[in-house]
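Read through the structure below, which is laid out as structure tokens, and then see the notes.
The values are calculated or read from the model by the stated rules, or taken from the named source; none is laboratory data. Everything quoted here is computed from the prediction, not taken from an experiment. Positions of Cβ are backbone-derived with ideal geometry, glycine not excepted, and every protein chain shown enters the neighbour counts. For the accessible areas, the whole protein counts, side chains as well, though only heavy atoms, and no ligand, DNA or RNA atoms are used. Shrake-Rupley method; radii C 1.70, N 1.55, O 1.52, S 1.80 Å.
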Amino acid sequence: MSAKVAKAPVTQPALRPDDSKAAAKIDLSEVGAVHQALRAGRLTQARRTTLSGNDAIAKAALEAGARFFGGYPITPSTEVLEYAARNIFSYGGSYLQMEDEIASIASAIGASLGGIKAFTATSGPGFSLKQENLGYACLVEVPLVVINVMRGGPSTGGPTDAGQSDVMQARWGTHGDHPIVAIAPATVQECWEETVRAFNIAEKYRTPVILLPDAKVSQMKEPVILPALADIPIVNRARPSGAPEEYEAFGPTANGVPLLAPFGEGYRSHFTGLYHNRKGLPTRDVRLIDQLQKRIHAKLNTPAARRDILKTETFLCDDAEILVVAYGITARAAKDAVLEARAVGIKVGLLRPITLWPSDRETAIKYLSRVKRVIVAELNLGQYRLEIERLAYEAAQRKQCVPTTVTGLHRVDMRLISPRDVYEEICR
Amino acid sequence: MNANPICSLEMPDLRRTTMRRNIWCEGCGLGNMQQAISIALMRQLGRRFKVDFMQPAGLEAIKNNIAMVSGIGCTSRMAGHLDANTVHTTHGRSLAFASGLKMARPDLTVVLAAGDGDIFAIGGNHFIHAARRNLDMTLIVYDNRSYGMTGAQASPTSPMGEFGSSAPYGVFEAPFNLVDLAIGAGAGFVAQGAVTTLQEHQDQLEELIAAGLDHKGFSFINVVGTCHTGWGARNKRSEAFRYRQYLQHEVTPVERWRELPPEERAALKPLGIIHSVDRPDLQSSPAYTEIVARGKKAAASLEEPLEDIRLIDLDPMARPPRTSLRFAGSGGQGVITAGEIALSAAVLAGKNGVFTKNYGPEARGGEAYSDVTVSDGEIHFPQSDELDVLVALNQETFDKFRKEVGPSGRILVNSSAVRETYDDPRVITSPIGEILARDVRPPKRDLGINILALALVLDYLGLMSRQAIEAAVMKSVGKKNPALNQKALAAGFAEAERLKAH
Ligand code: SF4
């Protein structure tokens, strides 16, 4: 039967189309993408302003095309809600301050399934509350960006002080085997760039992406250089164009990412948190369940996906004998310490994972297998250290040698790890 | 069925043909409820879009416009049965998912099917807020007074004294009065139907759902239902037909119910439209429209002007000198703003900078401070082990932060408020409070003290040009009160001159 039928009125917000011209100018997989584009002359004009990390995140979300924000106030991420409330109407979008953290992520998932880009923001305790629905978004493959500004924990902990203690919650907070992308920006400029990248990954791979700034980065203000709106590389989810009756919301595609139709256009489908078949309907077929579970992992692990998702800054790593691994605000302290140590002749480098999950295994292994000692510095008691230890072991297995010693520099007393702390650890 | 238009006497329905079977027990009232929802949707949407649901094209248009959202439980499986845009979400959260969906897509008809445990226990918070928020959506609850799918546990609507698997000796908590709850929470349309054995009740249910769909705003239709295999089996009502016959004795038309004395009312459930107020739903309310317009106007231009930008390659090994400043004072003295302006002045002067504030209770009264680090090159870690400059507007912050200033650092002290400086050799005193009162004469005490101190310290240290400082002030607080801030700037610069001459 023909699919062309009289349609009920549709008022879908227009999405700016994907723009290959913008993508050619700015490559978000580069560290310091906007600055690199300006240095290379691919970009000659840009906007200068001064922003806080939270404002940069919210602004980037709107400039990347987000048109719905579901939020709930929580220190230190509230400014994201406030920024969205102030500005989202101007972009033709809307927001709701929901009744709780669970509802705020739920509303964002609902909006995204409706066909628009949506996001939510929170901090540790609220992130815990969002976990069930985060798992829903993983299995139902909903494009979504969740901002989690890290403070101290567990429990209420230190609401106003920076922590990096949600690294494992970001990875394993929701139940079940699930893939996840988590990104930790270190500067305000990066808050903007990585938020745009987070939306692009979410859309391209139909997956939730967690942006994981620490409270220090989200609260500080720095000058930023932003490209013109027309120069922002934007990716939108792939939509079906074939016959609606053949549409499979969880069907096979070349890159493992199924097409996602907005509601209302004839591509009627079912979305359920139960294991489902290609049409989205509940299934108990073990073969289909196995395929589904493995595909949602595999889609983030193709060479193209790894290029889009993984991102690591390596600073003075090539001849390093000691490697400091740090991310977010701690990486900034580590950079000062590395420079200070280099000034007195110590061969030390900094490996800064910008994408924490999935971990940039090959880059880490390359350096882990070369150095004599590794220091993981983070504002927790050794969460990412576990991953680095695992990778050091894998690096050693490949080379058939003893794993490099991995030590930790950890702090959970609400104070930051300072350059001096890292320097002393390097000199130890 | 609907694929066969020739058989025009056959009523089409919304069943999803690809969904082979449902999981419901034979005889469960959920089938009746699904049928009522199906028919009401076809009828009402057909009318709304002026299409014929008996024709395939018309039915297609109707199906495309429906978004059914559900949570977890027997009832919530209904979403899978309907050939529409359907979302089977997490336990209790369907209303929250639906709220985001409706905000994103006001054009869709959003319908929810849910159970009493799902909506009133785990999802209770979302229910009251959905009622209050009044988005245009229709919630139909199958109230079987128990958790059916998990095996007859008690729910927030289980009658006291009845038995469930989690109430083996009887339910000892009072149930919700759903009608009162919904009205109290602000629902604009509240109705109750029942799945008994009577056709009139089935017809009424259809009418109630249709009226709910027509109502603009949040509508709630409670369906008095059964669960013969679970709750019924534990309460001597395990036979589906008998259980539903028994329901007939529990319900009465709302018109009759209203006439009854209170003690008789409590034992009966009113059927019909119990509450209906005509008012616009959230998205079509004049208040919302006006607020959106206000928001659009206030944030009209969000794209900053473009500039030609040339970046030079920086030496990654460079460790350029930096200056760290702290502005400190009492909560109302604007020291956070001073730090922000100092950052913007640094940027206007072509420098790099980082601003950090202390955040939280201390910033809301009591002591407050903000830090700014300024440099000609990159700034990695935004804090310094030692402060280079402290501006202390009161004694408390002077005492508290003096120790954090390096041996060669400087402390600008407001001598109008700081009486004791412990002969600290790093101290530079200036009667900032008195200068403010004398030269700026603010209408409110301390208004402008931050700007005066900022102009004074930045100019005195020669950290950036006066033009940059002035431009930063005028871009910020100066917009609101140019005259006062100009005076504060001038007073600050004059005092800097005096101190420099010293
Ligand atoms: S368990 Fe109860 S509510 Fe669920 S389908 Fe069976 S009879 Fe109906």
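Of note:
- Residue in the stretch B:222-248 that is nearest to the ligand (Cβ to nearest atom), counting only those that are open to solvent by less than 10 Å² (accessible area, probe 1.4 Å) and among the polar types (S, T, N, Q): B:Thr226
- Scanning the stretch B:331-357 for residues that are open to solvent by less than 10 Å² (accessible area, probe 1.4 Å) and more than 9 Å from every other protein chain (Cβ to nearest Cβ) yields B:Val335, B:Ala338, B:Ile341, B:Ala342, B:Ala345.
- Condition check for B:Ser94: within 9 Å of chain A (Cβ to nearest Cβ), within 22 Å of A:Tyr267 (Cβ to Cβ) and touching an Asp or Glu at 6+ places or on another chain (Cβ under 8 Å): yes
- Any hit, the stretch B:296-316, residues being more than 22 Å from A:Leu38 (Cα to Cα) and at pLDDT 95 or above: no
- Boolean, A:Val371 is at pLDDT 95 or above and not hydroxyl-bearing (Ser, Thr, Tyr): yes
- The listed residue being in contact (Cβ under 8 Å) with a residue 12 or more places away in the chain and over 30 Å from A:Pro159 (Cα atoms), out of A:Glu394, A:Glu378, A:Glu389: A:Glu394
- Subset of the stretch B:158-184 [open to solvent by less than 10 Å² (accessible area, probe 1.4 Å) and either within 14 Å of the ligand (Cβ to nearest atom) or within 14 Å of chain A (Cβ to nearest Cβ) (or both)]: B:Ser158, B:Gly164
- Odd one out for B:Asn144, checked against (1) within 16 Å of the ligand (Cβ to nearest atom); (2) more than 14 Å from every other protein chain (Cβ to nearest Cβ); (3) open to solvent by 60 Å² or more (accessible area, probe 1.4 Å): (3)
- A single member of A:Gln189, A:Gln164, A:Gln169 is polar (S, T, N, Q) and open to solvent by less than 10 Å² (accessible area, probe 1.4 Å), and it is A:Gln164.
- Matching residues, the stretch A:270-293, being of a type in the set (Gly, Ala, Ser) and within 7 Å of another protein chain (Cβ to nearest Cβ): A:Gly273
- Which listed residue, of A:Ala85, A:Ala61, A:Ala56, A:Ala137, is crowded, with 24+ Cβ neighbours inside 10 Å, outside any loop (DSSP other than H, G, I, E, B), of a type outside the set (S, T, N, Q) and within 11 Å of chain B (Cβ to nearest Cβ): A:Ala137
- Residues within the stretch B:461-499 that are open to solvent by 60 Å² or more (accessible area, probe 1.4 Å), touching a Gly at 6+ places or on another chain (Cβ under 9 Å) and under 23 Å from B:Lys351 (Cβ atoms), tallied: 1
- Within the set B:Gly151, B:Gly115, B:Gly123, the sole residue that is more than 22 Å from B:Ser276 (Cβ to Cβ), in contact with a Gly (Cβ under 7 Å, 6 or more places away or on another chain) and more than 15 Å from the ligand (Cβ to nearest atom) turns out to be B:Gly123.
- Screening the candidates B:Ile428, B:Ile435, B:Ile411 for the property of being closer than 18 Å to B:Phe493 by Cα, of a type outside the set (D, E, K, R) and out of contact with any strand residue (DSSP E or B) (no Cβ under 7 Å at 6 or more places or on another chain) yields one hit, B:Ile435.
- When we screen A:Glu79, A:Glu99, A:Glu30 for residues that are more than 7 Å from chain B (Cβ to nearest Cβ) and within 30 Å of B:Thr289 (Cα to Cα), the only hit is A:Glu79.
- Among residues of the stretch B:24-44 that are more than 14 Å from every other protein chain (Cβ to nearest Cβ), those with a Cβ under 8 angstrom from a residue that is within 15 Å of the ligand (Cβ to nearest atom) and of a type in the set (Lys, Arg), sequence gap 6+ or separate chain, pair up as B:Gly29/B:Arg244.
- Selection over the stretch A:66-82 of residues that are among the hydrophobic types (A, V, I, L, M, F, W, C) and either open to solvent by 10 Å² or more (accessible area, probe 1.4 Å) or without any contact (Cβ under 8 Å) to a residue 24 or more places away in the chain (or both) gives a count of 2.
Matching residues to (1) more than 30 Å from B:Lys351 (Cα to Cα); (2) within 16 Å of the chain's Cα centre (by Cα); (3) not in a loop (DSSP other than H, G, I, E, B); (4) not assigned by TED's automatic domain parsing to the domain that holds A:Ala182:
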site: A:Val209; (1), (2), (3), (4): yes, yes, yes, no
site: A:Lys216; (1), (2), (3), (4): no, no, yes, no
site: A:Ala254; (1), (2), (3), (4): yes, no, no, yes
site: A:Leu274; (1), (2), (3), (4): yes, no, no, yes
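- Residue match in the stretch B:186-206 (condition: surrounded by 22 or more Cβ atoms within 10 Å (Cβ to Cβ) and within 13 Å of the ligand (Cβ to nearest atom)): yes
- Test for A:Tyr91: is it aromatic (Phe, Trp, Tyr) and at pLDDT 95 or above: no
- Flag if A:Met150 is open to solvent by 10 Å² or more (accessible area, probe 1.4 Å), modelled with pLDDT of 95 or more, at negative phi and more than 10 Å from chain B (Cβ to nearest Cβ): no
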